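J.: Below are the structure tokens for one structure; questions will follow.
The values are calculated or read from the model by the stated rules, or taken from the named source; none is laboratory data. Predicted model, so just to flag it, every value in this text is computed and none were measured. As a convention, Cβ positions derive from the backbone with ideal geometry for all residues, glycine included, and neighbour counts pool all protein chains shown. Each accessible area value is taken on the protein alone, full model and side chains, heavy atoms only, with ligands, DNA and RNA left out. Shrake-Rupley method; radii C 1.70, N 1.55, O 1.52, S 1.80 Å.
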Amino acid sequence: MEQSAAYSSERRALLFSMGATAVLGVGAVVWGVLGSVRIIVFDGVYMLAGIVLVGISILASRASGSAPTREYPFGMHAATPLAVALQGAALLGTVAYGAIDAVIVLIDGGSPASAASVLAYGVVTTVASLVVSLVLRPHAQESALARAEVVSWRAGVLMSLVVAVGGLVGVGLSRADSPLVPYVDPVLVLIACATVLPMALSLVREGMRELLEASPAEPLRGQIDAAIRAGLATTDLSEHPLPEPVVRATKLGHRLYVEVDFVVAAGEWTVDEEDVFRRAITAQLDALGHEAWVTVELTTDAELVED
């Protein structure tokens, strides 16, 4: 997919996610407030906070797709992992808020929420969140921002399932006149927080790894190595075979930075021949679907390529 088309697809996915989030979030807050159900209010706040985050993601997409300038000669591709990390941080904040509120409610003796309302809400939002995540999933293959949205909606599916199951349990307890009924609502909030926590940490980790220029995760790392080998295989190395290269790579949003260094004997290679390898390797890396920024260097000084 061409980069302009990739950015366009990414933004359409983000706008769709924003619209769906607004509809479900407002509906959840109204439903929860009218029914005095904390788990529904928590879910609504979680989704409404997502509107701001999707907006940040759209701005990050525009920044990443903008042309390099004098002030930003390498572009602003770091905006993408920054937005992903912010999504994870916001999810962590939402989890902290919900958990603290639930603990306070438990200490105060629970909440008289309607179990039937909780069950109905859980079923409706499970279906809605699943549909949105399935619509966004094809875009996630090409976009870290869309992938973050899919993670958020999958978290929403899990939370809604927890709410639905808890509502079903609450209905059963209500019919049995159990004294545990007031505790169903806050316990559901705590379970939902525990469900979302690993996903939030995953987003923070993914964003921070890219911002700190970590090596790409598998399978991309293996694809880079395979692309370099394929590029070398298209050239004639019979006269002066190249040694094993030193490869460094990192990824910032759509931009893939790859440096390939070879330590060769003095006097055996020319700049023209180096260009041949650079073009061959770059062509293979471009085929991976990222905006490849490739540096290929032949040097006679091993100290210049030491880690």
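J.: Pull out a ≥ b ≥ c, the square roots of the eigenvalues of the alpha-carbon gyration tensor of the stretch 1-119, then state rounded if a/c is under 1.5, prolate if not and a/b is larger than b/c, and oblate in the remaining case. Intermediate results must be reported in sequence, preceding the final value.
T.: Numbers: a/c = 4.69, a/b = 2.34, b/c = 2.01.
It comes out prolate by the Cα gyration axes.
J.: Can I ask one more? Shape verdict for the stretch 185-307, please, from the Cα gyration tensor: rounded (a/c under 1.5), prolate (a/b greater than b/c) or oblate.
T.: Numbers: a/c = 3.96, a/b = 2.90, b/c = 1.36.
Prolate, because a/c is 1.5 or more and a/b exceeds b/c.
J.: Here's another thing I want to ask about it. Compute the helix-to-body angle for 144-175: its Cα long axis versus the longest principal axis of the chain, expressed 0 to 90° and rounded to tens.
T.: Helix 144-175 sits roughly 20 degrees off the main axis of the chain.
J.: Shifting gears a bit: Using the alpha-carbon atoms, what tilt in degrees (0 to 90, nearest 10) does helix 79-107 show relative to the longest principal axis of the chain?
T.: 20
J.: Which one of Gly172, Ala22, Pro186 is farthest out on the positive end of the charge dipole of the chain, using unit charges on Cβ (Lys, Arg +1; Asp, Glu -1) and the Cα centre as origin?
T.: Gly172
J.: How much accessible surface does Val127 have with a 1.4 Å probe, in Å² rounded to 10?
T.: Its heavy atoms expose roughly 90 Å² to the probe.
J.: Sticking with this structure for a sec: Ignoring any ligand, DNA or RNA, what whole percent of the accessible area of the chain comes from carbon and sulfur when the probe is 1.4 angstrom? Walk me through the numbers before you get to the answer.
T.: Values: 9650 of 15080 Å².
The value for the chain is 64 percent carbon and sulfur by accessible area.
J.: By its C-alpha gyration tensor, with a ≥ b ≥ c as the square roots of the eigenvalues, how is the stretch 87-186 shaped: rounded for a/c under 1.5, else prolate for a/b larger than b/c, else oblate? It would help to have the intermediate numbers written out before the result.
T.: Details: a/c = 4.90, a/b = 1.77, b/c = 2.76.
Note, shape of the stretch 87-186 comes out oblate.
J.: Between 0 and 90 degrees, rounded to the nearest ten: what's the tilt of helix 271-286 against the longest Cα principal axis of the chain?
T.: So the helix axis and the longest Cα principal axis differ by about 20 degrees.
J.: Now, a different point. How much area per residue is accessible in the stretch 70-222 when the probe is 1.4 Å and only protein heavy atoms are counted (Å²)? Mind showing how you got there, number by number?
T.: Numbers: 7390 Å² over 153 residues.
Heavy-atom SASA per residue in the stretch 70-222 reads 48 Å².
J.: Another question about this same structure. Would you work out the charge dipole size for the stretch 1-147 about its Cα centre, treating the Cβ of every Lys and Arg as +1 and the Cβ of every Asp and Glu as -1, and quote it to the nearest 20 debye?
T.: Values: 7 positive and 7 negative charges, 50 e Å.
Roughly 240 debye for the stretch 1-147.
J.: Output the antiparallel fraction of DSSP beta bridges having both residues in the stretch 211-307, as a percent to the nearest 5. Spell out each step's value before the answer.
T.: Working: 7 of 16 bridges.
Of those bridges, close to 45 percent are antiparallel.
J.: Same structure again: Please build a GNM for the chain, connecting alpha carbons under 10 Å apart, and tell me which residue among Val204, Val30, Val118 fluctuates the most.
T.: Looking only at Val204, Val30, Val118, the largest GNM fluctuation is found for Val30.
J.: Continuing with this model, one more query. Report ³J(HN,Hα) in whole Hz for each residue of the stretch 62-72, in order, from the Karplus equation J = 6.51 cos²θ - 1.76 cosθ + 1.60 where θ = phi - 60°; Gly and Pro get x.
T.: 3J(HN,Hα) across the stretch 62-72, in whole Hz: 5, 5, 5, x, 6, 6, x, 10, 4, 6, 10.
J.: Still on this structure, I have one more. For mean projected area of the Cα convex hull in nm², the listed values are (i) 15.8; (ii) 19.0; (iii) 17.9; which was obtained by calculation from the structure presented?
T.: Here the calculated entry is (ii).
J.: Given that compact globular proteins tend to follow 2.2 N^0.38 Å, what is the ratio of the alpha-carbon Rg of the stretch 152-248 to that value?
T.: Details: Rg = 26.0 Å, N = 97, 2.2 N^0.38 = 12.5 Å.
The value comes to 2.08.
J.: Could I ask something else about it? Could you give the size of the charge dipole of the stretch 225-307 about its Cα centre, using +1 on the Cβ of each K and R and -1 on the Cβ of each D and E, expressed in debye and rounded to the nearest 20? Intermediate values should be presented prior to the final figure.
T.: Values: 6 positive and 18 negative charges, 111 e Å.
Computed about the Cα centre, the dipole is about 540 debye.
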